[in-house]
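Written out below as structure tokens is the structure these notes cover.
The values are calculated or read from the model by the stated rules, or taken from the named source; none is laboratory data. All of these numbers come straight from a predicted model, not from anything done at the bench. Glycine gets a Cβ as well: all are built from the backbone with ideal geometry, and neighbour counts include every protein chain shown. We work out accessible area using only protein heavy atoms, side chains counted, and drop any ligands, DNA or RNA first. Shrake-Rupley method; radii C 1.70, N 1.55, O 1.52, S 1.80 Å.
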Amino acid sequence: MSTPGSPADGRHADGDWRRLDKRTVLVTALVMAGVSVGGGVPAFLGLAGGMAAWQALALVAAGAALLVTGAAAADYVRWRRTRYRIGPERAELHTGLLLVKRRSLARERIRSVDLTAHPLLRVLGLVKVRIGTGEHTGGGESTLELDAVTRAEGERLRRELLDRTLTRPQDDRQDGELAALDPAWIRYAPVSFVAPVLGGAAAGAVMQVSEWFGARREVIHWIGDRFRETPVGWVVVTLVAAAVLTGAVGALGLWVEMWWNYRLEREPGGTLRVRRGLLTARSVSIEERRLRGVELVEPLGVRLSGAARLDAVATGLVKDQEDKHADLRTLLPAAPRAVADTVAARVLREPAAPTGAPLTAHPRAARTRRLRWALAAALPPVLVLALLGALLTDVLLYAAAVCAAVLVPLAVVLALDAYRSLGHGLSGGYLVTRSGTLRRATVALQRGGVIGWTVKQSYVQRRAGLITLTATTAAGSGAYAVHDADETEGLRFAAEAVPELLEPFLEPRT
């Protein structure tokens, strides 16, 4: 007999133990059925070559049935032995059959309640709930995962656990939608670094699948026949173009899956919420009291297109190793730079975005250092090829000349761009620093969020009158650097940004 408020009778009072939704067993069975089909097809084709087709089919079907039944039974046991409750002081989760795991989080330490639902969960009206404290601990002790509960229960948990009393006056005029998807932003997907990676992955996948079916040699011969009369240079150009095109198409598809239905909003009570996803719906919440600033990220291709991405600099946003989707810090996908600055101002409740403030340029000595680094990286391959060419064959000498003609100018251009990207300054209550070329980042960090400075000066920097200052904070990556600033100006900047923190470094030298 079940007692009132127990999980068995379906009625719950606050603080009572509850169970996950029973349909999680059905989800597991369906997922494993899909896995069985995916693995069963090549298994059937492999077995059919050595026995009758009906025997191969029977073996594969028996294996699939055993796999699905076993997985469903194991998940049923997990469902029966898993329960959770949200008390006035703690959130608790108990699970396990022989070895019962008990996990408990203090409610005042809970920093995130994120909801995720892949297509099967969405069809059934379920969500996976991840409750976290944002602490860097091993073994998952800083998170509770409920897989899965109803969508209504997930929303209830999110509202209840993130209900906080504001530490600053609430401005209802700035609540509501801060940004919404513009389908035109998809044009920035093919120019991201994801595109070439996906192109290479697609080529590797073709070769791997052909190997599974024992057809790799045939695939290679087919490609060779297509280019039998084509010069080697054109073969390389064609294959690279095909990989780039495939990567661009893949990047478009990935962008649609990740960012469709995107919306950034501020909820009453001071919580920023990002919702996105076409097939897999995701909801990420960030408390404003944990926000210490924003980071404007401009990968090279995106920057050349006049766009930027916006990330949050906040405490408690720990990347979960089990969740491989986009970074939880991202508030805005790649969008026009003006839009990114506008959203940054709205997120920070500022009249103008600190990320757009004018910055102090760095001395020319910083440019010289970057040119030296660039040449030091570009010349060794050229010298190695030239040396081997002098010893072995003239072909390598031509290769060395080509590398020199390509790598050296490219290195110089990137070095000059890296120098132009350097900058730092103060904008109201924010410290702003910018650096990078392949990935340029502009960070606006609350001056009150800086808990220390790290001052670094190498022998070469000391001779050039340069210094690198690193602002230490409990948020984001934990440290944000001002690279190769003028020594005197940099120390004054740090002292002005956070008074009384760097005075020992400003004492007159004798």
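Tell me which residues, restricted to region 430-460, are out of contact with any strand residue (DSSP E or B) (no Cβ under 6 Å at 6 or more places or on another chain) and of a type outside the set (A, V, I, L, M, F, W, C).
Answer for region 430-460, where residues must be out of contact with any strand residue (DSSP E or B) (no Cβ under 6 Å at 6 or more places or on another chain) and of a type outside the set (A, V, I, L, M, F, W, C): G436, T437, G448, S458, Y459.
Being of a type in the set (F, W, Y) and open to solvent by 40 Å² or more (accessible area, probe 1.4 Å) narrows it down to one of W255, W222, so name that one.
Working: W255 fails: open to solvent by 40 Å² or more (accessible area, probe 1.4 Å).
Just one listed residue meets the conditions, W222.
Condition test on V236, is it among the hydrophobic types (A, V, I, L, M, F, W, C), farther than 20 Å from A334 by Cβ, outside any loop (DSSP other than H, G, I, E, B) and out of contact with any helix residue (DSSP H, G or I) (no Cβ under 6 Å at 6 or more places or on another chain)?
Numbers: among the hydrophobic types (A, V, I, L, M, F, W, C): yes; farther than 20 Å from A334 by Cβ: yes; outside any loop (DSSP other than H, G, I, E, B): yes; out of contact with any helix residue (DSSP H, G or I) (no Cβ under 6 Å at 6 or more places or on another chain): yes.
When the stated conditions are applied, V236 passes them.
Could you tell me which numbered condition S2 fails, if it satisfies all but one of (1) open to solvent by less than 60 Å² (accessible area, probe 1.4 Å); (2) at pLDDT 85 or above; (3) not in a strand (DSSP E or B)?
Unmet condition: (2).
Please verify whether T433 is open to solvent by less than 50 Å² (accessible area, probe 1.4 Å), in contact (Cβ under 8 Å) with a residue 24 or more places away in the chain and under 17 Å from L300 (Cβ atoms), treating the condition exactly as stated.
Here the answer is no, as T433 does not meet what is asked.
Return the residue satisfying two criteria in turn: it lies in region 357-373 and is touching a helix residue (DSSP H, G or I) at 6+ places or on another chain (Cβ under 7 Å) and aliphatic (A, V, I, L, M), and of such residues it is least open to solvent (accessible area, probe 1.4 Å).
Among them, the one singled out is A366.
Output the number of the condition that D484 fails; it satisfies all remaining conditions of (1) open to solvent by 40 Å² or more (accessible area, probe 1.4 Å); (2) part of a strand (DSSP E or B); (3) over 28 Å from R349 (Cα atoms).
Exception for D484: condition (1).
How many residues are under 30 Å from V450 (Cβ atoms) and not in a helix (DSSP H, G or I) when one looks only at region 383-435?
Going through region 383-435 one residue at a time, the tally reaches 14.
For the condition over 30 Å from G34 (Cα atoms), open to solvent by 40 Å² or more (accessible area, probe 1.4 Å) and either among the small types (G, A, S) or modelled with pLDDT under 95 (or both), what is the one hit in R122, R109?
The unique qualifying residue is R109.
Restricting attention to region 288-315, and to residues there that are open to solvent by 20 Å² or more (accessible area, probe 1.4 Å) and over 27 Å from D417 (Cα atoms), which single residue is modelled with the lowest pLDDT?
T315
With the checklist (1) among the hydrophobic types (A, V, I, L, M, F, W, C); (2) modelled with pLDDT under 90; (3) open to solvent by less than 50 Å² (accessible area, probe 1.4 Å) in hand, flag the one item V395 doesn't pass.
(3)
Please pick out the residue among S285, S192 that is touching an Asp or Glu at 6+ places or on another chain (Cβ under 8 Å) and crowded, with 19+ Cβ neighbours inside 10 Å. Explain how you work it out, then say what you get.
Details: S192 fails: touching an Asp or Glu at 6+ places or on another chain (Cβ under 8 Å).
The conditions single out S285.
Let's see how each residue does on (1) under 20 Å from the mean Cα position of the chain (by Cα); (2) modelled with pLDDT of 85 or more; (3) among the aromatic types (F, W, Y):
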| site | (1), (2), (3) |
| --- | --- |
| H221 | no, no, no |
| W259 | yes, yes, yes |
| R263 | yes, yes, no |
| R276 | yes, yes, no |
| I286 | yes, yes, no |
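Kindly indicate which of G34, G40 is assigned to a helix (DSSP H, G or I), open to solvent by 20 Å² or more (accessible area, probe 1.4 Å) and either without any contact (Cβ under 8 Å) to a residue 40 or more places away in the chain or over 30 Å from R282 (Cβ atoms) (or both).
G34 is the lone residue from the list that is assigned to a helix (DSSP H, G or I), open to solvent by 20 Å² or more (accessible area, probe 1.4 Å) and either without any contact (Cβ under 8 Å) to a residue 40 or more places away in the chain or over 30 Å from R282 (Cβ atoms) (or both).
A quick yes/no check of all residues on (1) out of contact with any His (no Cβ under 9 Å at 6 or more places or on another chain); (2) modelled with pLDDT of 95 or more; (3) more than 16 Å from L359 (Cα to Cα):
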| position | (1), (2), (3) |
| --- | --- |
| S435 | no, yes, no |
| L445 | yes, yes, no |
| L466 | no, yes, yes |
| A475 | yes, no, yes |
| G478 | yes, no, yes |
| H483 | no, yes, no |
| E500 | yes, no, yes |
| T510 | yes, no, yes |
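Residues that are within 25 Å of the chain's Cα centre (by Cα), at least 1 per element: which strands (runs of 3 or more DSSP E) completely within region 75-132 meet that?
In region 75-132, the matching strands (runs of 3 or more DSSP E) lie at 112-117, 126-132.
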